[in-house]
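For reference, the structure discussed in these notes is given below.
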Amino acid sequence: MAIVLSYKGKLPKRIGKDIVVYKSCYGIIAREKSGFTSKGVLYDPKYENCRKNYSEFGLVSKTCKGIRDALQSLLPKDDNLAVVNHLNKHMRSVLNYDTVHPRGGRLLQTALEQEEGKQHFIGYCFIPGSPFRVTATITQNTLQLGALHAPNDLSCFGFRVHVLDYDWEELRGTLHSGAWHIEPSLAFPLSLPLPSVKSTKGSLIYLLEVQAFEERDGDFVVVKGSGLVVVGVDGTVAFSDYLDVGFSRLFFKGEWSCSGFRSLRVPEGRGDPLSLLL
């Protein structure tokens, strides 16, 4: 390989039969042909793994777009690229749990049918970089919040449960949302009803939305930031016993403790003992 420092006239694409010339961020490059061609990528055995990765990643990306489109009203608008990349990366790791199909033909739907794949997806937060956590348990028809790890000056929270009915064939989903439950002072355990879905075309993905509020003159004002986390897939049998839930980009003011956080949890003697996930 060589860098062309200067030339006169029109820049050639080739020098002889074996040298190709092209522009790059380093300048004009002249190097020997590698043998890489579009036809080779499609048919050459040495590029087989490239073809498998391309096939799987393409389908994962389309699937993630369908999920994001269905959740568009719940996702942040100011950090869309981070949301896209974060979801694509995580779902690509979920794909590894499809042990039924060979590499190149693995499917997210099949991965989420495996218990390990479900557990890897449960607890995923759609908002990257979340420093906050809650601990929750799932019963047949309700979500029970058992503990909340939150900044000191936040005491009012709103919770809403969603069910995403996702069609893996059409790569699109229908969102079913419950009502907001605003809690000026949290009393644990807190039970939230799950929205009912009469029929489904694919998998049911259960989501918990968290929003911080401030009470001002008797009204509840939204504090910037929210959370949206996967709490189950397909049904109650897919739920994890403990959920690590995150929500981020909250705006804070006032005094903090030495750590800046406090733990709100079930009072002793009420409900099952829950350990805070830090």
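The values are calculated or read from the model by the stated rules, or taken from the named source; none is laboratory data. All values derive from a computational prediction rather than experimental measurement. Note: ideal-geometry Cβ built from the backbone for every residue, glycine included; neighbour counts use all protein chains shown. For accessibility, only protein heavy atoms count, side chains too; no ligands or nucleic acids. Shrake-Rupley method; radii C 1.70, N 1.55, O 1.52, S 1.80 Å.
For the range 56-68, check the following and say yes or no: at least one residue is assigned to a loop (DSSP other than H, G, I, E, B) and open to solvent by less than 30 Å² (accessible area, probe 1.4 Å). Within the range 56-68 (the criterion being assigned to a loop (DSSP other than H, G, I, E, B) and open to solvent by less than 30 Å² (accessible area, probe 1.4 Å)), the answer is no, since none of the residues qualifies.
Restricting the first member to the range 97-109 and to residues that are touching a residue at least 40 places away in the same chain (Cβ under 8 Å), and the second to residues that are assigned to a loop (DSSP other than H, G, I, E, B), the beta-carbon pairs closer than 7 Å and six or more apart or on different chains are Arg106/Asp98; Leu107/Asp98; Leu107/His101; Gln109/Trp168. Gln140 meets the stated requirement of being surrounded by fewer than 17 Cβ atoms within 10 Å (Cβ to Cβ), of a type in the set (S, T, N, Q) and part of a loop (DSSP other than H, G, I, E, B). In the range 148-168, is there at least one residue being within 17 Å of the chain's Cα centre (by Cα), part of a loop (DSSP other than H, G, I, E, B) and buried (at least 20 other Cβ atoms within 10 Å of the Cβ)? No, the range 148-168 contains no residue that is within 17 Å of the chain's Cα centre (by Cα), part of a loop (DSSP other than H, G, I, E, B) and buried (at least 20 other Cβ atoms within 10 Å of the Cβ). On the given criteria, is Thr135 polar (S, T, N, Q), closer than 27 Å to Lys201 by Cα and assigned to a strand (DSSP E or B)? Here the answer is no, as Thr135 does not meet what is asked.
Against the test of being in a helix (DSSP H, G or I) and under 22 Å from Arg172 (Cα atoms), the options Gly117, Gly123 yield a single qualifying residue, Gly117. Within the range 96-137, restricting attention to residues that are among the β-branched types (Val, Ile, Thr) and surrounded by 18 or more Cβ atoms within 10 Å (Cβ to Cβ), the residue that is nearest to the chain's Cα centre (by Cα) is Ile127. Taking each residue of the range 1-29 that is on the phi > 0 side of the Ramachandran plot and modelled with pLDDT of 75 or more and looking for partners that are assigned to a strand (DSSP E or B) and open to solvent by 90 Å² or more (accessible area, probe 1.4 Å) with beta-carbon atoms closer than 7 Å, six or more apart or interchain, yields Gly27/Ile3. Scanning the range 79-88 for residues that are surrounded by 13 or more Cβ atoms within 10 Å (Cβ to Cβ) and part of a helix (DSSP H, G or I) yields Ala82, Val83, Val84, His86, Leu87, Asn88. Any residue that is of a type in the set (Phe, Trp, Tyr) and in contact (Cβ under 8 Å) with a residue 60 or more places away in the chain - is there at least one of those in the range 167-176? Yes, because at least one residue in the range 167-176 is of a type in the set (Phe, Trp, Tyr) and in contact (Cβ under 8 Å) with a residue 60 or more places away in the chain. Residues that are in a loop (DSSP other than H, G, I, E, B) and within 21 Å of the chain's Cα centre (by Cα) were ranked within the range 169-180; the one that is surrounded by the fewest Cβ atoms within 10 Å (Cβ to Cβ) is Glu169.
Only a single criterion out of (1) modelled with pLDDT under 75; (2) over 17 Å from Gly232 (Cβ atoms) is not satisfied by Ala179, namely (1). Take the residues of the range 181-213 that are part of a strand (DSSP E or B) and open to solvent by 40 Å² or more (accessible area, probe 1.4 Å): which is farthest from Ile67 (Cα to Cα)? Within the range 181-213, the match that is farthest from Ile67 (Cα to Cα) is Glu183.
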